[in-house]
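Colleague: Structure provided below as C-alpha cells; questions to follow.
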C-alpha cells in the first residue's frame, strides 16, 4: 500500500547557458520500498525563457533502511521508455541504447579490453567522395603489429542508405580482411531510431536550418558511437574519416597520457574541431547523454569545451605538434568545402593546401616513378590536400592521366614542390596531350615547364590523355602537388 508521494526538485546551472530543472516523482511504500514513477526535465535560458521539456517515464525501485545492502540513492534500473511532452517549443523524446552485437556489421568483439579505441564516424559525401579507406589504411600503416593488438578501430557508418553501407562493407572486406578477422577493425551502424524529429529545431548562431540539422545529427551520431565504444578499451580517441596520423602516433599518445600529473577530462591531439579528442572510456556514457541533452544547441566541439569546465578542467591539455591532419576537402555537409589543414601537424610534408578545389574529369593514373611511403600517384589529381612524392627521378619518367572518355578542357594547371621541400620540383618537364589514342600511345608536345604550368588557351578538343614527362635527370626528389583540369 502506498504511503505518500514525494516531489524532489533539483536545480542545476549548466555552463552552456541553460538552467535545467529536474522534477522527480517518487512513490514510497510502507515497507520502505521506493518507486520512481516520473521524471521531467525542463530547460530554460539564463533569462528564464522556456526552451524545451523532456519527460522520462521510468520504472526504478530500491529498498532503503538499515537492512539494505545498497546506498540510499542506489537504484536498480529496469525498462525505461521516453515519452514526449509537447508544447510550442521544440521537444525531444530520446534515449540511445546500444546492443553491441546488434550494431556490429564486420569484425568481432575482443574478449579483453584494448588500451585505445579509435572512433571514426563516416557518412556518404557529395559526389561519392570517399576518404575513409585511405584514413584507415594510414592508421594501420603507421602502426606495428604489436600496437595493433593494443588498439581497435571502430568505423561507424552513420547513414541510413543501405546500398551505400553495402558498398562500403564490400570495399572494407576487400582491403582489410586480416584486420576484420582479428577484431582490429569493427564496423557498426545504427537504425534511424537514434534520431528524433528534427522538424522543430531551434536555429542558433544564425546557422541555416540545414546546418542545424546536420550538426544535430552529428551530435547524436557521436552519442551512439560513444555508447558502443564505452567498454572496448581504457581510452577512446575520436577522429574523422578524412584524416591521416603522424608516424608513431600510438606511442606518442601513450607517452603523453603517461606524462599527465593531474586529473583530466579530455586530451587534445589536434587543433581542428572534434578531431583527436581523447577521453577516458569510463566517461563515454556521461558524454553520450550530455551530447543528446544539448544536441541541437551547439556543435560537439563547443559542447565538449563546456564539459571540460563542468568537470573542472579549465585549461586545454594539448599535445604539440598535432598527431592528426585533416586532409578532406568535400565536407559531409552538402555543398560545403572544408579548406582547412592543421599547421602544427607533426609531419608537415604530408599534405598541402591546393589552389583550386575542383573535381577533375574521371581518369586513371599511370606512372613509372617510385612513390615514397604513402604519397601515392593519384593524390594530386583528386579532391583533397594530399600529394605525390617520388624519388630516383630520371629522364623519360612519366605521369599519365588517361581519361575515361575524351574531354574538352578550358584550363590546365600543374604545380610541383612544397614549402617544406622547395627543391623537390620538376626542374625540366614537358606537358603532352593525346587526342586520337585512348591508350595514350601517341601524344603531341604542348609546352615545356619548370615547377609550375598553366595553359588556358589553344587547348585541343577531345583530349584522351595528358602526360607530364621528365626531360632531364634530377638529383632532387619530385613532389607533384596539384593538378587541376577545368572542363
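Every number here is computed from the coordinates shown, using simple stated rules; none is lab data. Owing to the predicted nature of the structure, the values given are computational and were not obtained by experimental measurement. No Cβ is skipped: glycine too gets one built from the backbone with ideal geometry, and neighbour counts run over all protein chains shown.
Colleague: Using the count of nearby Cβ atoms within 10 Å as a rough guide to exposure, how do 464, 454, 367 rank from fewest to most?
Modeller: 454, 367, 464
Colleague: In addition: Applying a 10 Å radius around every beta-carbon, put 428-435, 174-181 in order of their mean neighbour count, most first.
Modeller: 428-435, 174-181
Colleague: So for 285, 150, fewest C-beta neighbours within 10 Å to most, what's the order?
Modeller: Least crowded to most crowded, the residues run 285, 150.
Colleague: Another question, if that's okay. Let's test this: bin the Cα-Cα distances of the range 366-487 at 10 Å from zero up to the farthest pair and state each bin's percent.
Modeller: 14, 48, 33, 5
Colleague: Taking neighbour counts of Cβ atoms within 10 Å as a proxy for exposure, in what order, fewest first, do 369, 129 appear? Walk me through the numbers before you get to the answer.
Modeller: Details: 369 21, 129 17.
Starting with the residue having the fewest Cβ neighbours, the order is 129, 369.
Colleague: Using alpha carbon centroids, what distance separates the range 175-224 and the range 377-436, in Å?
Modeller: About 37 Å separates the Cα centre of the range 175-224 from the one of the range 377-436.
Colleague: How would you classify the range 100-326 from its alpha-carbon gyration tensor, with a ≥ b ≥ c the square roots of the eigenvalues: rounded for a/c under 1.5, else prolate if a/b is greater than b/c, otherwise oblate?
Modeller: The shape class here is oblate.
Colleague: With contacts defined as alpha carbon pairs under 8 Å and 6 or more residues apart, what's the relative contact order of the range 100-326 in percent? Display every interim value, and only then the final one.
Modeller: Details: 353 pairs, mean separation 61.3, N = 227.
Dividing the mean separation by the residue count of the range 100-326 yields 27 percent.
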